[in-house]
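S.K.: Provided herewith is a single structure, encoded as structure tokens, for subsequent inquiry.
Rule-based calculations on the coordinates, nothing more; no lab input. The structure displayed is predicted, hence computed values, not measured ones. When we count neighbours, we look across all protein chains shown, and the Cβ atoms used for this are built from the backbone with ideal geometry, even at glycine.
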Amino acid sequence: MLSSNAPLQRSSAAGAALSARELVIEIATNGSWRPVVRGVSLDLGKGQVTALVGETGSGKTMTALALVGLLPPAARRTSGRVFLGHEEVSTATAQAGARGRRISMIFQDPMTALNPVLTIGFQVTEPMRAHLGLDARAAQERARKLLEQLHMPDPTGVLARYPHELSGGMRQRALIAVALACDPEILLADEPTTALDVTIQAQILDLLREQVDQHGLAVLLVTHDLGVAAQVADRIEVMYGGAIVEEGSVEQVLRRPNHPYTRGLLACVPRVDARVRPLPTLPGNPHGVWTIDAGCRFAPRCADATATCASTEPPRTAVEGGHSSACWVYARPPAAAQ
Ligand SMILES: Nc1ncnc2c1ncn2[C@@H]1O[C@H](COP(=O)(O)OP(=O)(O)O)[C@@H](O)[C@H]1O
Ligand code: SF4
Ligand SMILES: [Mg+2]
């Protein structure tokens, strides 16, 4: 059984490229610190896409930033550990050392993530020169090959251009090229396709999948969109109110969802075969979650809530091999834990 009452797992899982254990992150609001990430543990497997899903405000971005030591000044990590393979990288210095070389990141908005006054060529080759020690000519050739692999039309021409001269989809490909420039082991992608239309989004996700399959990359894909996770992920972590409430393979979470929150999210995903009709929305909104300090954080929005739900937070419990959920009613933690 996987339970929050069980002793903390202190090390990384075997074979994981990046692991987090019991991360707690607080944010300063109105002069006091409040937790926005509450005991998150996760493992990014090599050659796998792990999707971190949940509504806006659930703590996904803070979790991803904490993995690379890039929390904003208003936030602090109060406990938890991060492992790169078996090596602990919990200090800011160790995390800074791994960034750019072993871990890369892609953020949501390509216009802010690419520097508008530098050519694509400069931005793709700069990390190669800094981290791999390549000279200008070798870096240029490697950049051209990389753009070719990313199915970018006219790679040589693109390298000479500035971000504003490219379409949204091309900018996002260029950003992926910057992120993959040094052959990282791990890629953290925070809503990488949210700004794009669905056709381009699907192309970029296919591209990401291709890179994972060909190079054994470990990817954390942060998204509020379960449809995106369904398209590209191997594993899904569902986050609500700063905690992982359900975790499993794509098949397990999407076909046999356990947690009422996951089931609510799934009911809001459009089906390919659906004619135009209004989608159900999850009742209530997540904003009130931060005013709750006991019990299941989803209780005010849950049709199945009981008195126990309101008083005691459910532990995460295995529902089948590799699939766990934190729910008193559906995941049936042992009575002793109540
Ligand atoms: N710079 C900030 N200052 C204050 N609160 C913040 C800041 N950034 C995020 N938050 C709060 O932290 C919580 C988690 O945010 P975030 O990790 O960005 O969520 P997500 O990525 O899931 O949308 C939210 O409640 C959000 O309001
Ligand atoms: S623990 Fe209770 S309130 Fe929380 S999701 Fe399960 S049934 Fe709903
Ligand atoms: Mg976010």
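S.K.: Starting from the 7 Å offset along Cα-to-Cβ, what nm value, one decimal, do you get for the label separation of ARG161 and LEU70?
M.R.: It is 2.4 nm.
S.K.: While we're on this one: What do the square roots of 5 times the Cα gyration tensor eigenvalues come to for the range 31-105, in whole Å, largest first, as semi-axes of the equivalent ellipsoid?
M.R.: On the way: eigenvalues 85, 54, 26 Å².
Listed largest to smallest, the semi-axes of the range 31-105 are 21, 17, 11 Å.
S.K.: Helix 198-215: angle to the longest alpha-carbon principal axis of the chain, degrees 0 to 90, nearest 10?
M.R.: 80
S.K.: If you scale each eigenvalue of the Cα gyration tensor by 5 and take the root, what three semi-axes come out for the range 172-331, rounded to whole angstrom and sorted largest first?
M.R.: Values: eigenvalues 192, 69, 44 Å².
Square roots of five times the eigenvalues give 31, 19, 15 Å.
S.K.: With the radius of gyration and the Kirkwood radius both derived from the Cα set of the chain, what is their ratio Rg to Rh?
M.R.: Values: Rg = 20.6 Å, Rh = 21.0 Å.
For the chain, the value is 0.98.
S.K.: Testing the spin-label approximation: label points 7 Å from Cα along Cα→Cβ at SER32 and ALA310. State their distance in nm.
M.R.: 2.2
S.K.: Right, another one. Please state the charge dipole magnitude for the range 34-82, taken about the Cα centre, from unit charges on C-beta atoms (+1 on K and R, -1 on D and E), reported in debye and rounded to the nearest 20. Intermediate results must be reported in sequence, preceding the final value.
M.R.: Values: 7 positive and 2 negative charges, 41 e Å.
About 200 debye.
S.K.: Which order, highest average first, do 157-166, 60-69, 202-211 follow once you tally other Cβ atoms within 10 Å for each residue and take the mean per peptide? Don't skip to the end; give the middle numbers.
M.R.: On the way: 157-166: 16.0, 60-69: 22.5, 202-211: 18.1.
Ranking the peptides 157-166, 60-69, 202-211 by packing returns 60-69, 202-211, 157-166.
S.K.: Would you kindly state how much longer the chain becomes between GLU126 and LYS46 on full extension, computed as 0.36 nm times their sequence separation minus their alpha carbon distance, in nm to one decimal? Let's see the in-between values first.
M.R.: Working: separation 80, 0.36 × 80 = 28.80 nm, distance 2.60 nm.
So the extension gain works out to 26.2 nm.
S.K.: Between ALA136 and GLU88, what FRET efficiency follows from the Cβ-Cβ distance if R0 is 25 Å, with the result rounded to 0.05?
M.R.: On the way: r = 36 Å, r/R0 = 1.46.
Computed FRET efficiency for ALA136 and GLU88: 0.10.
S.K.: Let me have the relative contact order for the chain, percent, based on Cα pairs under 8 Å that are six or more residues apart. Display every interim value, and only then the final one.
M.R.: Values: 637 pairs, mean separation 69.6, N = 338.
Once normalised by length, the contact order is 21 percent.
S.K.: Right, here's the next one. Compute the helix-to-body angle for 168-180: its Cα long axis versus the longest principal axis of the chain, expressed 0 to 90° and rounded to tens.
M.R.: Value to nearest ten degrees: 90.
S.K.: Once the Cα atoms of helix 120-132 and of the chain are each reduced to a long axis, what angle between those two axes, in degrees from 0 to 90 to the nearest 10, is obtained?
M.R.: 80
S.K.: In terms of the ratio Rg/(2.2 N^0.38 Å) built on C-alpha atoms, what value belongs to the range 113-170?
M.R.: Details: Rg = 10.9 Å, N = 58, 2.2 N^0.38 = 10.3 Å.
That ratio works out to 1.06.
S.K.: Hey, how many Å between the Cα centroid of the range 283-338 and the Cα centroid of the range 202-244?
M.R.: One Cα centre to the other: 25 Å.
S.K.: In the calculated pair distance distribution of the range 61-197, what percentage of Cα-Cα distances lie above 25 Å? Present the calculation step by step, with values, prior to reporting the outcome.
M.R.: On the way: 2772 of 9316 pairs.
Above the 25 Å cut-off, the range 61-197 has 30 percent of its Cα pairs.
S.K.: Still on this model: So if I place +1 on the C-beta of Lys and Arg and -1 on the C-beta of Asp and Glu, and nothing else carries charge, what would the dipole magnitude of the chain be about its Cα centre? I want it in debye, nearest 20. Before the final figure, lay out each step's value.
M.R.: Values: 32 positive and 32 negative charges, 69 e Å.
Using Cβ point charges on Lys, Arg, Asp and Glu, the chain gives about 320 debye.
S.K.: If you place +1 on the Cβ of every Lys and Arg and -1 on the Cβ of every Asp and Glu, how big does the dipole about the Cα centre of the range 175-248 come out, in debye to the nearest 20? Let's see the in-between values first.
M.R.: Numbers: 2 positive and 13 negative charges, 11 e Å.
With Lys and Arg at +1 and Asp and Glu at -1, about 60 debye.
S.K.: If you restrict to DSSP beta bridges whose two residues both lie in the chain, what percentage is antiparallel, to the nearest 5?
M.R.: Details: 32 of 51 bridges.
Among the beta bridges of the chain, antiparallel pairing accounts for roughly 65 percent.
S.K.: For the chain, what does -39500 (n - 2.57) per DSSP helix run (n ≥ 4), summed and divided by total residues, give at 222 nm, in deg cm²/dmol to the nearest 500? Don't skip to the answer; put the middle values down first.
M.R.: Details: 12 runs with 108 residues, N = 338.
Result for the chain, helices only: -9000 deg cm²/dmol.
S.K.: Also, I was wondering about something else. Determine the equivalent ellipsoid of the range 157-261 by diagonalising the alpha-carbon gyration tensor, then write out the semi-axes as square roots of 5 times the eigenvalues, largest first, rounded to whole Å. Provide the component values of the computation, followed by the final result.
M.R.: On the way: eigenvalues 162, 45, 28 Å².
After diagonalising the Cα gyration tensor, the semi-axes are 28, 15, 12 Å.
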